[in-house]
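> Sharing a structure, written as structure tokens. Questions coming.
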Amino acid sequence: MVSEAELDRGALSELAASFRGQLVQPGEPAYDELRRVWNGSIDRFPALIARCAGVADVIAAVRFARASGLAVAVRGGGHSFPGLSVCDGGIVIDLSPMRGIRVDPVGRTARAQAGVLLGELDRETQAFGLAVPSGIVTHTGVAGLTLGGGISWLMRKHGLTIDQLLSVDVVTADGEFVKASETENPDLFWGLRGGGGNFGIATEFEFRLNPVGPTVVAGPVFWPMEESPKVLRFYRDWVAEAPDELMTIVIHRKAPALPFVPPELQGRLVVGVACCYAGPVEDGERVVAPLKAFGSPALDLCVPKPYLTHQAMFDPSFPHGWWYYFRSCDVAGLSDEVIDITAEHSLKIKSPLTSYPIWQLGGAMARVGEADTAFSGRNGGYTFNINATTATAEGFEEEREWARNFWSALRPHHTNVYVNFLMEEGQERVREAYGAEKYDRLKALKRRYDPDNFFRLNQNIPPA
Ligand SMILES: Cc1cc2nc3c(=O)[nH]c(=O)nc-3n(C[C@H](O)[C@H](O)[C@H](O)COP(=O)(O)OP(=O)(O)OC[C@H]3O[C@@H](n4cnc5c(N)ncnc54)[C@H](O)[C@@H]3O)c2cc1C
């Protein structure tokens, strides 16, 4: 824990004199609440939390942090798996008070400030039957998710979050305000679409909107996990022919103790295929019918429902404060071998809270050129996001070992990794996430926009 003495008192008073947001230091009542991030296994003590109310605060905070020489963490929604949005002894530039959203229903665009959460953006856009493809848990931050790429229930129909991004407002490492779009600073715009927080602080995003729902056919169908090899083989062949409107996520877990799960199923190991059909309800019902008819499902929750309800489906499985550990990889396809590894390791899940997704890729996201944005892995088959979860430290080590072993068993099949699903895994893994050629291009861009690596608490791309 760092003492406040390391902050320059005079400079801090000067910052405070014009700061519109809140400056919070150790010992203040709100400090402990505000230094917390989503992953409960992260417990860090910054020297200052600068809660920005607007762009002027962000500029002032960057200039103050630069002069202080302390490490800087940037916080949007606080959902970084390894907790990169908080640091020990440094300064947290916290954008979470910046929650403005403006939808233009006629022009079909939306502007969202950097503290906006996915559920807030969905709420505003769905008022007009529109949506941004974003992510699958409502309390995730738009900022971090977008800067990494953004995979979602809508990505096969409408692409990644970045594929609907029109422009970004950015405060650079030297405290300058710039805009990035296809026409203004296009090199920066390229890097922001997948390069994470490496090039500056995004203060506002502008998205294109597409019609979605408001009713969609969506939800999971579950079978006992012993049937996983059979279910996954059927699933693999069925989704091979799926239209872009259909997005699926496979889940292995112990059935949760939630009201809609029959008591006899709760706590039993299950495999589920969750669907979302981003098109007319009648078409969706037809497309999901073979899945619902396969074998004897233990529970079928795949029905027409509001898109907003579906977007909140996973919220109870990933609350703030539990302990989470992730290992992730993409694979080209669900070969028999991948399926058998998956089934074997899933049966070893111990924690009743562990629930991990396998994401189906393809569709619109794969039709954007690999070189068009910094995001990498558009041609992947599936993304494994092996997630070990416990409520507290108890049992965490054992569950973490399970995730590591499972991931290692899949190693021969890894093709790539999604940068937003990395823990702190070292430079080589960041390079792996982008591939050698793109990594070099990103390093050159970093040299241009942040030659001192001021923004380094992220999936870091050091300047060339
Ligand atoms: C429960 C949960 C569900 C998820 N679901 C999905 C999903 O469906 N699809 C998906 O693609 N990903 C998903 N993710 C991963 C998610 O995209 C990343 O964790 C993302 O980084 C979270 O963004 P954040 O703003 O909430 O996080 P933060 O922890 O605030 O930030 C994450 C990283 O982004 C940087 N950053 C944040 N804001 C800014 C900014 N304004 N400017 C510059 N840098 C910034 C931070 O410095 C940090 O390095 C999920 C994560 C969680 C925890």
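Just so you know, all these numbers are worked out from the coordinates, no wet-lab data involved. Fair warning: this is a prediction, and the values are worked out from it, not measured in the lab. Every residue, glycine among them, receives a Cβ derived from its backbone with ideal geometry; neighbour counts consider all protein chains shown.
> For the chain, how big is the tail of P(r) above 34 Å, as a whole percent of Cα pairs?
More than 34 Å apart: 32 percent of the Cα pairs in the chain.
> I'd like the GluC sites (Glu not before Pro) in segment 368-399 restricted to DSSP loop residues with at most 11 other Cβ atoms within 10 Å, sorted by number.
GLU394
> Are there GluC sites (Glu not before Pro) in segment 135-215 that DSSP puts in a loop and that have at most 13 other Cβ atoms within 10 Å, and which ones?
GLU176, GLU182, GLU184
> Under the definition of Cα pairs under 8 Å and six or more residues apart, what whole-number percent is the relative contact order of the chain?
This gives 16 percent for the chain.
> Out of every Cα-Cα pair in segment 343-452, what percent are more than 24 Å apart?
For segment 343-452, the fraction of Cα-Cα distances above 24 Å is 38 percent.
> Turning to a different aspect of this structure: Against the 2.2 N^0.38 Å scaling, with N counting residues, where does segment 1-127 land? I'd like the Cα-based Rg ratio to two decimal places.
So segment 1-127 has a normalised radius of gyration of 1.14.
> Moving on to the next point. In segment 327-464, if the dipole is taken from +1 on Lys/Arg beta carbons and -1 on Asp/Glu beta carbons about the Cα centre, which of GLY363, PRO412, VAL338 is farthest to the positive end?
GLY363
> How far apart, in nanometres, would the label points at ASP104 and THR309 be if each is projected 7 angstrom from Cα along the Cα-to-Cβ direction?
A separation of 3.4 nm, rounded to one decimal place.
> Apply the Karplus curve 6.51 cos²θ - 1.76 cosθ + 1.60, θ = phi - 60°, to the phi angles in segment 449-464 and return the couplings in whole Hz, x for Gly and Pro.
9, 8, x, 8, 6, 4, 8, 10, 8, 6, 6, 6, 10, x, x, 5
> To check my understanding: the extent here is largest minus smallest coordinate of the Cα atoms along each principal axis. What are those three numbers for segment 335-381, in Å, largest first?
If we take the Cα atoms of segment 335-381, the spans are 42, 26, 15 Å.
> I've got another one for you. Can you give me the orientation-averaged projected area of the convex hull built on the Cα atoms of segment 145-215, in nm²?
Taking the Cα atoms of segment 145-215, their convex hull projects to 4.9 nm² on average.
> Here's something else I'd like to know. Could you state the number of Å between the C-alpha centres of segment 343-405 and segment 73-129?
23 Å
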